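These notes are about the structure you will find just below.
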Amino acid sequence: MIQLNTMSKDEIQAWVIDLLAEMFELDKSELTATSNLYADLDIDSIDAVDLAVKLKQLTGKRLAPEVFKTIRTISDVVDALAGMTEQAA
């Protein structure tokens with residue numbers, strides 16, 4: 001299980017980029033904080049649900065549906081994960 005509360009935002013971002021590259025066979029060098037999951041990375045709604053499930057499996061924390069709906073970029077994913085650790089603290 002990934003311990004998000006021990007990671008900086010930069011470390012979380014690197015981890016998210018690695019995860020996206022692995023799950024969706026993307027080129028890590030093309031992934032940035034501003035990459036749009038849907039427009040730039042061609043992730044569809046089913047892929048997004050798969051990502052949410054994978055994040056829950058790896059972190060033990062579930063993204064709230066209202067937060068999940070607002071996620072558009074890699075930075076949004078990082079912020080949501082960082083926000084979960086702040087709520088737990």
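Each value in this text was obtained by applying a stated rule to the coordinates, not by laboratory testing. Here the structure is a predicted model, which means the values were calculated and not measured. Cβ atoms come from the backbone with ideal geometry, glycine included; neighbour counts cover every protein chain shown.
Considering only ALA64, SER29, ILE17, the residue lying farthest towards the positive end of the dipole of the chain is ALA64, judged by Cα position with unit charges set on Cβ.
Rounded to the nearest 20 debye, what is the charge dipole size of the chain about its Cα centre when +1 sits on each Lys and Arg Cβ and -1 on each Asp and Glu Cβ? Before the final figure, lay out the partial values.
Values: 8 positive and 16 negative charges, 97 e Å.
It works out to roughly 460 debye.
The alpha carbons of the chain give a radius of gyration and a Dmax of 12.0, 34 Å, in that order. Highest mean packing comes first when the peptides 70-81, 22-33, 49-60 are listed by Cβ atoms within 10 Å, giving 70-81, 49-60, 22-33.
Once the Cα atoms are used to define both axes, helix 9-24 deviates from the longest principal axis of the chain by about 50 degrees.
For region 51-71 and region 5-32, what is the separation of their Cα centres, given in Å? Centre-to-centre (Cα) distance: 15 Å.
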